[in-house]
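**Q** This structure is in structure tokens; I'll ask about it shortly.
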Amino acid sequence: MHTGGFAKWARRFEDERERRRVQGDPDWEQGATLHPAVWASIQRFQVGEDGDGAVLVGKADEAGDGDYARAVRLFVAEEQNHARLLARLLAAGGAPTLTGHWSDTVFVRLRRLMGLRMELLVLMIAEVVALRYYRALRDGTDDSLTSDVAGWILSDEQRHVPFHCERLHTSLAELPRAMRRPVMALWQLLLLAVSLIVALDHGPALRRLDIGRLRFVADVAASSGEVVSAVLSPRPDAFP
């Protein structure tokens, strides 16, 4: 399958990898102080960021575009770095990491059901939810280390979403035109359901981060329209 144009994404990921190498890590020695509900929430997100990404990489290889496969490997490395940063943040606050969480298990199983298109559609749900969550974590706490880590991860996620939008645009273009909008409408409904579950599960933390459940769900729902437009439009890399 020809996807084309993903060499630029691989370069973006490589440039970011070099920037991280030069910048180094935050000052973990300063420690972190957060409400227990926020620590519990970060623990669950840390589990979601962790993983080797082998299934996604394998499907990317099967897609037949070397540049895309290289970009996916770099994307997986960034996600693994997010897990590392969150684990170090938890350690700085004296909180342990979790060995697993039911929500991550469900997402992984859904992603593996079918091919690359299904994998990316499910993955994009997690990415869009993460955009709002890390923005809340960055802006909703007075702890400087937490704000720094959340800001770094958010910056990466803001690049991940248009990357996946571009690949989904190519993938959906292979479907009959009449099917494309219904597929994305179904994706929006699933995203809404997941955001409601996340809001319920992380409600105490969201309140501490000064956002609340309803606003969290509303913001995720609003951003879903931008994702749909980016996936269906001729320029999916223009996602804001």
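**Q** Could you tell me which residue of the stretch 137-162 is farthest from residue 17 (Cα to Cα), considering only residues that are over 14 Å from the mean Cα position of the chain (by Cα) and of a type in the set (Gly, Ala, Ser)?
**A** So the residue we want is 140.
**Q** Identify all residues within the stretch 189-206 that are touching a residue at least 24 places away in the same chain (Cβ under 8 Å) and more than 16 Å from the chain's Cα centre (by Cα); write none if there are none.
**A** Scanning the stretch 189-206 gives 197, 201, 202, 204, 205, 206.
**Q** A further question follows. Output the residues belonging to the stretch 172-223 that are over 18 Å from residue 135 (Cβ atoms) and among the polar types (S, T, N, Q).
**A** 188
Conditions tested, residue by residue: (1) of a type outside the set (Val, Ile, Thr); (2) in contact with a Phe, Trp or Tyr (Cβ under 6 Å, 6 or more places away or on another chain); (3) within 19 Å of residue 234 (Cα to Cα).
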residue	(1), (2), (3)
121	yes, yes, yes
141	no, no, no
150	yes, yes, no
153	no, yes, no
185	yes, no, yes
190	yes, no, no
196	yes, no, no
200	yes, no, no
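**Q** Also, I was wondering about something else. In the stretch 204-240, what residues are under 17 Å from residue 167 (Cβ atoms) and either acidic (Asp, Glu) or touching a Pro at 6+ places or on another chain (Cβ under 6 Å) (or both)?
**A** 226, 230, 237, 239
**Q** Considering every residue within the stretch 217-232, establish whether at least one is more than 18 Å from the chain's Cα centre (by Cα) and acidic (Asp, Glu).
**A** no
Laboratory data are not the source of any read-out in this text; all were calculated from the coordinates shown. Note that the coordinates shown come from a computational prediction; the quantities given were computed from them, not determined experimentally. All Cβ positions, glycine included, derive from the backbone under ideal geometry; neighbour counts span all protein chains shown.
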